[in-house]
């Protein structure tokens, strides 16, 4: 799998964890601060290319989940059937692909 794609997936997972922790704090549950998660997030951001990071943040603001899986040729962000030219490529996760409809980053789960 493409390293940049792995970093984007990891970043999204950390963002989800941080949001969950912040919601728990708002509800009054005593939890440890998520400083370690934020430090890990910064380390991942350093490894992501700047243009991909800008796109990630724009997509995150718009949709909340900028990186989505493809299952049976369908983008799991907008549920659009992807073009055959994109689906039929070999080594799909070796390059960064985006959905032609919603623009989210795509990764393929095992077919």
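Read the figures in this text as sums done on the coordinates, not as results from a lab. All figures in this text were calculated on a predicted structure; none of them were measured in a lab. Because the Cβ atoms are built from the backbone with ideal geometry, glycine has one as well, and the counts that use them run over all protein chains shown.
Key figures
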| quantity | calculated |
| --- | --- |
| Whole-number Å³ per residue for the convex hull built on Cα positions in the range 1-64 | 84 |
| Cβ crowding within 10 Å averaged over residues, with 62-73, 6-17, 78-89 ranked highest first | 6-17, 62-73, 78-89 |
| Cβ-Cβ FRET estimate between residue 85 and residue 1, R0 fixed at 22 Å, reported to 0.05 | 0.60 |
| Calculated FRET value between residue 39 and residue 98, using beta carbons and R₀ = 22 Å, to 0.05 | 0.15 |
| Antiparallel bridge percentage (DSSP; both residues within the range 3-108; nearest 5) | 55 |
| Relative contact order computed over the chain (Cα-Cα under 8 Å; 6+ residues apart), in percent | 29 |
| For the chain, average projected area of the Cα convex hull in nm² | 7.7 |
| Relative contact order (%) - criterion: Cα under 8 Å, at least six apart; region: the range 47-111 | 32 |
